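Novice: Mind having a look at this structure? Questions to follow.
The values are calculated or read from the model by the stated rules, or taken from the named source; none is laboratory data. Owing to the predicted nature of the structure, the values given are computational and were not obtained by experimental measurement. Here the Cβ positions follow ideal geometry from the backbone for every residue, glycine too, while neighbour counts run over all protein chains shown.
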Amino acid sequence: MDFELTPEEKAFQKEVREFLDKECNENVIAETESMLGEGPYSKELIKKMGARNMLAPRWPEEYGGRGMGFMAETIKVHELTYHRGPFPLDGVEIGNTLLVCGTEEQKKKFLPGIARGEIEFALGYTEPNAGSDVASVQLRAVDNGDEFILNGQKIYNTEAHFSDYHWLLTRTDPTAEKKHRGLTMLMVDLKSPGITIRPLVTSAGLRTNEVFYEDVHVPKANMVGEKNGGWAVIMSALYGGMGGGSSGASRFHFETLTKYLLEEKPEIVADNPWIPDAMADIDIKLHLLDVMGFRASSMSDLGLSTPYDGPVSHVFANESRRDFCNVVMQILGPYGQLAEGSKWAPLRGVFLRQYMDSPRWTIVHGSSEIQRLVIATRGLGLPRK
Ligand SMILES: Cc1cc2nc3c(=O)[nH]c(=O)nc-3n(C[C@H](O)[C@H](O)[C@H](O)COP(=O)(O)OP(=O)(O)OC[C@H]3O[C@@H](n4cnc5c(N)ncnc54)[C@H](O)[C@@H]3O)c2cc1C
């Protein structure tokens, strides 16, 4: 087992780190912390990364990548989240699937633009009656010759208000014997007439959206995979080779908290002898998380990944993040509950937001329960409950 990055990966890590040290400035961080989505500063940063071929390092050079591996993708995610830059970049995630399932024409049309940071996608899976059970999607796409006509609703489509395209799971055959056989994946220009986007704001202040479709026309050229073959595309998107989880954001906040306790409030530690053990536990988890994340990426690069390497690291990353936020709130005590704006709020109230937002990570991209189901059934071969 070799835990060393290759010289090429090390050079990439250094390049991205140095770039973000300089370019991920206060304006970008403020946009990230606002949880309102990518604003002008984030978009500018993304374009600058795109101009340096940093956004999709795994893709072939002809599509704007560097021909590197999943390890490079994980390095990018770690650095971006550590620096509190815009994340996730769903366009790159979609591009990963297009590389496998898209036509040559689609790859040429979308991948270079995504890699340059000029095209962003929003994930359009969830509906009011289709979340974990995504095969229950009802948004209807009716075949109309060389186009589809769409009617229906999506919910919790977080990036829709600042993206260019919708990666949309639709129902093309409502009579299919098995519901997952009647689905089709489409890429929809979000400026198409008939689309309405309405904000939904979570208790943490994160903006997500409801998206309504009313007689929206979508060319068949934007269909990914086969008609009624959307399930294969979604499986590739969710469980194809993947980079592992990253400790980036948690590591940054952990370092901030450690500094705060050492330099500003040593009395908190002096008065609470349980805190050093709790901090050590977090540190252990963050180290483990990095090992798991890089292992999952390395397995993908070697072509050895199983459909459950990603879920294992995903569950651990997201639950560690939630546990970390819980411990931080205990350490900060009642003051930790004060929001930004109060002069008494520790560290500008940033941990309160992190805490309020932390359950999200155990829900999105497949909840922890669903990920455990995948680990148990696909990984361990156990029967479904
Ligand atoms: C802040 C936020 C942002 C999101 N962003 C996006 C986005 O950009 N695009 C998008 O398409 N979706 C997005 N989602 C939707 C997210 O993917 C779904 O919320 C998630 O898949 C769960 O679906 P649900 O909310 O309908 O819950 P349900 O599926 O109704 O599940 C409710 C609970 O039951 C559990 N459960 C369900 N089925 C099982 C089972 N078989 N076994 C055991 N437990 C089970 C779940 O784990 C969960 O705890 C977002 C959600 C949130 C909260």
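Novice: So which residues in region 338-356 are surrounded by 15 or more Cβ atoms within 10 Å (Cβ to Cβ), in a helix (DSSP H, G or I) and either away from the ligand (no atom under 16 Å from the Cβ) or on the phi > 0 side of the Ramachandran plot (or both)?
Specialist: P346, L347, G349, V350, F351, L352
Novice: Quick one: which helices (runs of 4 or more DSSP H) lie wholly within region 18-112 and hold at least 1 residues that are touching a helix residue (DSSP H, G or I) at 6+ places or on another chain (Cβ under 6 Å) and small (G, A, S)?
Specialist: 40-51, 70-82, 90-101
Novice: Say we look at region 156-206 and pick out the residues that are over 18 Å from I114 (Cβ atoms), of a type in the set (V, I, T) and not in a loop (DSSP other than H, G, I, E, B); which of these is nearest to the ligand (Cβ to nearest atom)?
Specialist: V201
Novice: Something else about it: Would you call L186 under 17 Å from V92 (Cα atoms), at pLDDT 95 or above and among the aliphatic types (A, V, I, L, M)?
Specialist: Yes.
Novice: Another question about this same structure. Return the only residue of D281, D290 being in contact with a Ser or Thr (Cβ under 8 Å, 6 or more places away or on another chain), of a type in the set (D, E, K, R) and either part of a helix (DSSP H, G or I) or free of Cβ contacts under 8 Å to residues at least 12 places away in the same chain (or both). Explain how you work it out, then say what you get.
Specialist: Numbers: D281 fails: in contact with a Ser or Thr (Cβ under 8 Å, 6 or more places away or on another chain).
Within the list D281, D290, the selection yields D290.
Novice: Could you tell me whether I234 is modelled with pLDDT under 95 and within 16 Å of the ligand (Cβ to nearest atom)?
Specialist: So I234 fits the description; yes.
Novice: Looking at D90, D143, can you tell me which residue is closer than 18 Å to N228 by Cβ and of a type in the set (D, E, K, R)?
Specialist: Values: D90 fails: closer than 18 Å to N228 by Cβ.
After applying the criteria, what remains is D143.
Novice: In addition: Within region 67-82, is even one residue of a type in the set (S, T, Y), in contact (Cβ under 8 Å) with a residue 60 or more places away in the chain, touching a Phe, Trp or Tyr at 6+ places or on another chain (Cβ under 7 Å) and crowded, with 23+ Cβ neighbours inside 10 Å?
Specialist: Yes, region 67-82 has at least one match.
Novice: How many of the residues in region 7-49 are more than 18 Å from the chain's Cα centre (by Cα) and either surrounded by 21 or more Cβ atoms within 10 Å (Cβ to Cβ) or in contact (Cβ under 8 Å) with a residue 40 or more places away in the chain (or both)?
Specialist: 11
Novice: Just checking, which of P307, P359 is away from the ligand (no atom under 16 Å from the Cβ) and either surrounded by 13 or more Cβ atoms within 10 Å (Cβ to Cβ) or polar (S, T, N, Q) (or both)? Talk me through it step by step, then tell me what you get.
Specialist: Working: P359 fails: away from the ligand (no atom under 16 Å from the Cβ).
When all the criteria are applied, what remains is P307.
Novice: Let me ask another. Only one of (1) among the hydrophobic types (A, V, I, L, M, F, W, C); (2) closer than 24 Å to E8 by Cβ; (3) at pLDDT 95 or above fails for I119. Which number is that?
Specialist: Evaluating I119 over (1) among the hydrophobic types (A, V, I, L, M, F, W, C); (2) closer than 24 Å to E8 by Cβ; (3) at pLDDT 95 or above leaves (2) as the failure.
For (1) more than 21 Å from L261 (Cβ to Cβ); (2) more than 16 Å from the ligand (Cβ to nearest atom), each residue gets a yes or a no:
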position: F294; (1), (2): yes, yes
position: H314; (1), (2): yes, no
position: D323; (1), (2): no, yes
position: M329; (1), (2): no, yes
position: G366; (1), (2): yes, no
position: Q371; (1), (2): yes, no
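Novice: Where residues in region 201-242 are free of Cβ contacts under 8 Å to residues at least 60 places away in the same chain and charged (D, E, K, R), which of them is surrounded by the most Cβ atoms within 10 Å (Cβ to Cβ)?
Specialist: Per the stated criteria, the residue is E210.
Novice: May I pose another question? Could you identify the single residue in E104, E93, E118 that is more than 16 Å from the ligand (Cβ to nearest atom), touching a residue at least 60 places away in the same chain (Cβ under 8 Å) and not basic (K, R)?
Specialist: After applying the criteria, what remains is E118.
Novice: Taking the criterion of being surrounded by fewer than 17 Cβ atoms within 10 Å (Cβ to Cβ) and of a type in the set (D, E), would at least one residue in region 123-140 satisfy it?
Specialist: yes
Novice: Here's a follow-up. Here's a check for you: in region 145-155, which residue that is surrounded by fewer than 20 Cβ atoms within 10 Å (Cβ to Cβ) and touching a strand residue (DSSP E or B) at 6+ places or on another chain (Cβ under 8 Å) is nearest to T362 (Cα to Cα)?
Specialist: I155
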